[in-house]
Amino acid sequence: MRFLDRAPRFLFFTGKGGVGKTSVACATAVDLAARGRRVLLVSTDPASNVGQVFDVTVGNTVTEITAVPGLDALEIDPEAAADAYRERIIGPVRGLLPEVELAGIAESLSGSCTTEIASFDEFTELLTDEAAYAGYDHIVFDTAPTGHTIRLLQLPGSWTEFLATGGDASCLGPLSGLDKHRATYAAAVAALTDPTRTRLILVARPQTSSLEEAARTLGELSAIGMTDSRMVVNGVLPEAAGEEPLAVAVRERESAALAAMPATLAVLPRDVIGLTAHNIVGVDALRALFAPPAADAAADSSEDVEIADADLGVLVDAIESDGHGLVMFMGKGGVGKTTVAASVAVALAARGHDVLLTTTDPAAHLTATLDGGIGDLTVSRIDPVTALEQYRAHVMETKGAGLDEDGRTALAEDLMSPCTEEVAVFQQFSHVVHQSRRRFVIVDTAPTGHTLLLLDATGSYHREIARQMGESGFGFTTPLMRLQDPAQTKVVIVTLAETTPVLEAAALQGDLERAGIHPWAWVVNNSIAASRPSSPFLRARARSEASQFERVRGYADRLAVVPLMAAEPIGVPRLLALGGVPQPT
């Protein structure tokens, strides 16, 4: 692998969710350890599954991977990090301040912003704490999905600038003592932008959307000074997949996507990793990833897996029967949420319903997926940048209208807080939720970590309103209450029939259940088994889906299966066909 040539100390793997970052990062850590290096593998993904890949429990402490001498692993748990962060702030003053004051501090530190800052604190320690991590030759980061990663990596610069301008860190609590971390943040920025210490490896599938997102990520991270970048194209369909029409069509699609790769990516040193017939789980599979055996499916004589027909149209029928409501499509990035959400939306619109299709994904490609319009379908996007600008302008025009010059200056500085974006996005999300009382509102959500942050903001808002209204005797309905009501909201989890996406989807279901939200249905997208292939390689790949379908059925009240298609479901006609709307022949 060319990206391992003269590997620096810090290696960051990033890319669209579902492209195989975790597998490539884990295989890299195993490879470096096999060369005699001391390696720490770190996941900053809120839905990390590094532990599952190695079949050990890792968690929020450095854990030895006994099957790989020289390798340790660490999963930064956002919630555990936030708990520790809160305790560092509240612990020293417990017993010194009145309980009511301590409760107020705890409440100010209960939001999703605090969770992100806490995770960031742990992240910067890995970059800067030589005393704790000097023993490692390499620290390999399996980062979060792209939008979250960019945000995480940009925070050092943002906070340094924020502090330099005297920003008010009120969202972090009155006793955060943020300023004392200034030197640490500056050191983190220096490490990230030093090519002798840090390398960025962009992982992508041979798909247009995946490559475009990699290019966007490269542009944004280059802008903050990360200049040593490499490219890995993962999961390329090998010749072993044969020449059946499905394999030929997929291969042609991949070749076209690679030929049209954005110029900024095309000039990078590139490695290609072929799709394997089996899931990448366990040390042996990781060791083989960079040099897979030829035609490893040929000797597999297991019976083919049978997938019962369960098309998306059945879910559309059930959604339509309620006449209106909110339908949220959630899941790991890259599993096809946008395609499935768009298909359901156009199917409802084709049946004559008033439909709003919107996305909260910072990397949204909804317009490209639709490639046209239909009937009473309205399309929108909750754009964090636009939402932030509108929110700041609104606050200055309302709350700031009656203030003097000093007061407006202070208010403007407060609105520079990184936490303001969360509030701004949440306000627009709440407005969308409200519209579902009269029409169908289909929401294509961001990758899992971002979605959880949004739900957490929803929960924080609910707690605040409940606290304020609790003793007033007035009735109220918060967005969280609407999400928790199955008569008003249907949550659909989208996944692939692969180990990592299913594990993360199951974890998402657990998080939703803890928030009082029970998923209404699951969709397994791009199933090779459902496409009923004939080549030994693809049949072996299809058989590997059987155990994942069994897991999904254990979670799902309802299930729809979308087969891997020869032609990408882009454009209204193909989306309608996917949603069960008959097309003229």
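Let's test the formula: R0 of 30 Å, r as the Cβ-Cβ distance of V267 and A368. What FRET efficiency results, to the nearest 0.05?
With R0 = 30 Å, the Cβ-Cβ based efficiency is 0.80.
Using a basic spin-label model with each label point 7 Å from the Cα along Cα→Cβ, how many nm lie between T196 and V56?
3.3 nm
Need one number: nm distance between label points at V248 and H431, each 7 Å from Cα along Cα→Cβ, rounded to one decimal.
5.1 nm
How much length, in nm to one decimal, is gained on full extension between Q390 and I224, taken as 0.36 nm per residue of separation minus their Cα-Cα distance?
Value of the extension gain: 57.2 nm.
What length, rounded to one decimal in nm, is gained on full extension from D5 through to R558, with 0.36 nm per residue of separation minus their alpha-carbon distance?
Separation in residues times 0.36 nm, less the Cα-Cα distance, equals 194.3 nm.
If amide H atoms are built 1.01 Å from N in the plane of the peptide, which residues on other chains or at least 5 residues away come under 5 Å of the amide H of V58?
Amide H neighbours of V58, under 5 Å, 5+ apart: G51.
Determine the gain in length on full extension of the stretch S321-L102; use 0.36 nm per residue of separation and subtract their C-alpha separation, reporting nm with one decimal.
Residue separation times 0.36 nm, minus the Cα-Cα distance, leaves 73.9 nm.
In the calculated pair distance distribution of segment 379-434, what percentage of Cα-Cα distances lie above 19 Å?
Taking all Cα-Cα pairs of segment 379-434, the fraction more than 19 Å apart is 32 percent.
Order V233, V189 by their accessible area, 1.4 angstrom probe, all chains in place, largest first.
Heavy-atom accessible area, descending, gives V189, V233.
Would you mind checking which residues have amide H under 5 Å from M328's amide H? H placed 1.01 Å from N; only 5 or more apart, or other chain.
Those qualifying (amide H under 5 Å, at least 5 residues apart or on another chain) are V443, K490, V491, V492.
Rounded if a/c is under 1.5, else prolate if a/b is larger than b/c, else oblate: which is segment 526-567, with a ≥ b ≥ c the root eigenvalues of its Cα gyration tensor?
Because a/c hits 1.5 or more and a/b fails to exceed b/c, segment 526-567 counts as oblate.
The values are calculated or read from the model by the stated rules, or taken from the named source; none is laboratory data. Here the structure is a predicted model, which is why all the values come from computation and not from measurement. Note that each Cβ is placed from the backbone with ideal geometry, even for glycine, and that neighbours are counted across all protein chains shown. Just the protein is used for accessible areas: all its heavy atoms, side chains included, with ligands, DNA and RNA removed. Shrake-Rupley method; radii C 1.70, N 1.55, O 1.52, S 1.80 Å.
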